[in-house]
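Here the structure is laid out as C-alpha cells; the discussion comes afterwards.
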Amino acid sequence: MQNSTLKEDGRGIKEGDLATGASLDQTYLKNALFSNEVPGRTISRSTFLGNQEDECSHGTRMAATIAAPSDAPASGVAPGASLAVYLVVNSVLIFSLTVLYYLMLGLYLAVSDSDLDIFSMSIGVPIYSPTVESGLALAFSQGKLIFAAAGTSFSLGTSVPVYPGTSPLT
C-alpha cells in the first residue's frame, strides 16, 4: 500500500471485514453503507454460509465502523474506502472445525484480492490455529495490514486474549 494513494477519507484503499457479514436491514445503516455515493468506491459481499444477512449484527457494525458514509448516523473511519465484507461465521466466537474452515476460505479470498489493503477479523478462536496463522503469514507477506479482536463478549473462565488477536502478525 503506497502512502501516496491514501486519502484522508479512505479513498484509494480497499478494506475488508471477515466476520458475520453485513445486513442491509440494520436500522442505523439502512442502505447507506452499500450506496455507491463515492465515485470509484466498490462494495462487495461474499458468504460461505449460504445467506447474505448478518444474524447477530456484529459484522454490520464492524463494516460501518470501517466505511459508513459521512452522512450515516455513525460515520466510519474511512467513509470513502472500498469495502469487501466476508460472511465467514454466524457468531464472533469460533468453536467448530467447520466454522474455522469457513474462516480460512474467507481469509484466503481476502489474501487473493490484490486490491485489498487492510482487513479486520473481529472474531476469535479460543486456541492458536496453525492453519489461520499460515493465512495471516501469507497476508502479512503481501503487505496487507491486519487487525484482529483480542477478546470478545464471552467467558471461558479466564481473561486470556483470544486468537488471532494474540498473533504477532495482527
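The values are calculated or read from the model by the stated rules, or taken from the named source; none is laboratory data. As the structure is a prediction and not an experimental result, all values here were calculated from the model. Methodologically, a virtual Cβ is constructed for each residue, glycine included, from the backbone with ideal geometry; neighbour enumeration extends over all protein chains shown. Keep in mind that these areas ignore ligands, DNA and RNA; they rest on the heavy atoms of the full protein, side chains included. Shrake-Rupley method; radii C 1.70, N 1.55, O 1.52, S 1.80 Å.
Can you say whether Val88 is modelled with pLDDT of 75 or more, closer than 22 Å to Phe48 by Cα and of a type in the set (Val, Ile, Thr), as far as the supplied structure shows?
It is true that Val88 is modelled with pLDDT of 75 or more, closer than 22 Å to Phe48 by Cα and of a type in the set (Val, Ile, Thr).
Within region 94-137, the residues that satisfy the criterion of being open to solvent by 10 Å² or more (accessible area, probe 1.4 Å) and within 14 Å of the chain's Cα centre (by Cα) are Tyr102, Met104, Leu105, Tyr108, Leu109, Asp113, Asp117, Ile118, Ser120, Ser122. Of everything in region 74-106 that is of a type outside the set (Phe, Trp, Tyr), free of Cβ contacts under 8 Å to residues at least 12 places away in the same chain and not in a loop (DSSP other than H, G, I, E, B), the residue that is nearest to Ile43 (Cα to Cα) is Val99. In the set Gly157, Gly143, only one residue is part of a loop (DSSP other than H, G, I, E, B), at positive phi and at pLDDT below 80; that residue is Gly157. Restricting the first member to region 53-67 and to residues that are surrounded by 24 or more Cβ atoms within 10 Å (Cβ to Cβ), and the second to residues that are assigned to a helix (DSSP H, G or I) and β-branched (Val, Ile, Thr), the beta-carbon pairs closer than 8 Å and six or more apart or on different chains are Asp54/Thr60. Among the residues of region 75-92, those that are of a type in the set (A, V, I, L, M, F, W, C), crowded, with 16+ Cβ neighbours inside 10 Å and more than 19 Å from Ser23 (Cβ to Cβ) comprise Ala78, Ala81.
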